[in-house]
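Heads up: the structure comes next, in structure tokens.
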DNA sequence: TCCTAAGTACACCGATCTGTTTACTTTCGA
DNA sequence: TCGAAAGTAAACAGATCGGTGTACTTAGGA
């Protein structure tokens, strides 16, 4: 395994700090201190803090969806079971000791403007999650895969809010039970 | 109608600015400029910015739940219809030209620590919403009012995320359709 | 071996942040 | 009418913000 590039070091530490402390509340001085690089190096890789934020969001999207797909497909064999296993992944995620909600919901909260790049990347992340659910629904033989995917994702988002805002980590299990109703409806 | 007190002026403008621009991104200088008061006056009513934030969250909770209850009870006669009318209220809210998502989800995003006062007030707001739903479910004769209330609220939270992060204002209607399944189940 | 690219350390910039202080003015009830 | 309470404007404090400039050091390939 090659040593991580300076750019990777910066993105990794920025990702962790932005996720657990927020975007505005995390200064670049803190990031360079923890990443162990000079400010000059940071600004040679990213023109502005906003550009760094975008890079962290893109990396988070990649890491998150990879984990979601891996855990979902590892613990369930059939496409139908996988549609529900997504909620088991959620439950595991909620148990992470550094769980701080959905980074993209958080980003949208801090960057309200819908036309702002960070908000747009967040919306795109959500679309990609729905797209994955739709592919599972199609494989499972759902009558309306797009509809089922949005129903399941609606429940996922609800569970995330429960887990983060209210601290209710059991929400994933309840969302799973609710999801079963919609899966059953579409698959007979 | 008596002229609003200075304190009310401050809270009202702070509420609007925090809601549309975020908490960290809104400085007290901006608040006092728009509220038309001096900085001294602000700090005579609130010891710190954090205390002002808490006051705005409490006022938001009051305004939001009052509106939700008013609109829900105005447009539906029976308790059963009211359980679904909550989603019509959501749809109206999403259409507000200054809609910026749920202020309490946004606050939790910026104040991640669960023991932090702002996060705790946000969690309490969500509990109060569920409590209202539970009272409607009880009146409607639900078999498990608390369970139904949490199911409906899970769908509400999901719809809010759809509307805010993805800009999908139609989510309220879809959540309503999903909610009907759970209402029917509990009321025969 | 030597040149270049990339890195470090750190001072510095102007702006902005929360919060305080000073000195003056307005308001209003006893 | 007068005096206290509450307000104003504005300077100020010290910290921190995002971002730049300078001078020096390191590492690696031709």
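No lab work stands behind these numbers, since they all come straight from the coordinates. Keep in mind that this is a model prediction, so the values were computed, not measured. Here the Cβ is made from the backbone with ideal geometry for all residues, glycine too, and neighbour counts use every protein chain on show.
Here are the numbers:
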{"read-out": "Max mean-square fluctuation residue, GNM over chain B, Cα-Cα springs under 10 Å, options B:26, B:48, B:56", "value": "B:48"}
{"read-out": "Gyration tensor (alpha-carbon) shape descriptor, segment B:47-155, a/c threshold 1.5", "value": "prolate"}
{"read-out": "Which of A:45, B:125 has the fewest Cβ neighbours within 10 Å, and the rest in rising order", "value": "A:45, B:125"}
{"read-out": "Sequence of B:119, A:75 once ranked by neighbouring C-beta atoms within 10 Å, starting from the fewest", "value": "A:75, B:119"}
{"read-out": "Which of A:29, B:12 has the fewest Cβ neighbours within 10 Å, and the rest in rising order", "value": "A:29, B:12"}
{"read-out": "Residue among A:82, A:143, A:58 with the largest mean-square fluctuation in a Gaussian network model of chain A, springs linking Cα atoms under 10 Å", "value": "A:143"}
{"read-out": "Angle in degrees between helix A:117-140 and the longest Cα principal axis of chain A, rounded to the nearest 10", "value": "30"}
{"read-out": "Shape parameters for the protein assembly as shown, alpha-carbon atoms, Rg then Dmax in Å", "value": "21.7, 71"}
{"read-out": "Distance-filtered residues of segment B:36-78 - backbone nitrogen under 16 Å, label point 7 angstrom along residue B:139 Cα→Cβ", "value": "B:65-78"}
{"read-out": "Whole-number percent relative contact order across segment A:114-168, with pairs defined as alpha carbons under 8 Å at least 6 apart", "value": "25"}
{"read-out": "Estimated 222 nm signal from helices in the protein assembly as shown, with DSSP H stretches of n ≥ 4 weighted -39500 (n - 2.57), rounded to 500", "value": "-25500 deg cm²/dmol"}
{"read-out": "Segment A:97-148: Rg to Rh, with Rh as the Kirkwood radius over Cα pairs", "value": "1.14"}
{"read-out": "Global size of segment B:41-89 as Cα Rg and Dmax, reported in angstrom", "value": "16.5, 48"}
{"read-out": "Computed over segment A:77-188: relative contact order in percent, which uses C-alpha pairs under 8 Å that are six or more apart", "value": "35"}
{"read-out": "Cα gyration tensor category, rounded, prolate or oblate, for segment A:4-57 with a/c compared to 1.5", "value": "rounded"}
{"read-out": "Cα-based Kirkwood hydrodynamic radius, chain A, one decimal, Å", "value": "17.7"}
{"read-out": "Nearest-ten-degree value, helix A:6-21 long axis tilted from longest Cα axis of chain A", "value": "60"}
{"read-out": "0 to 90° range, to nearest 10: angle between helix B:79-95 axis and chain B longest Cα axis", "value": "40"}
{"read-out": "Globularity index of segment B:1-100, i.e. its alpha-carbon radius of gyration over 2.2 N^0.38 Å", "value": "1.31"}
{"read-out": "Relative contact order for chain A, counting Cα pairs under 8 Å that sit 6 or more residues apart, in percent", "value": "20"}
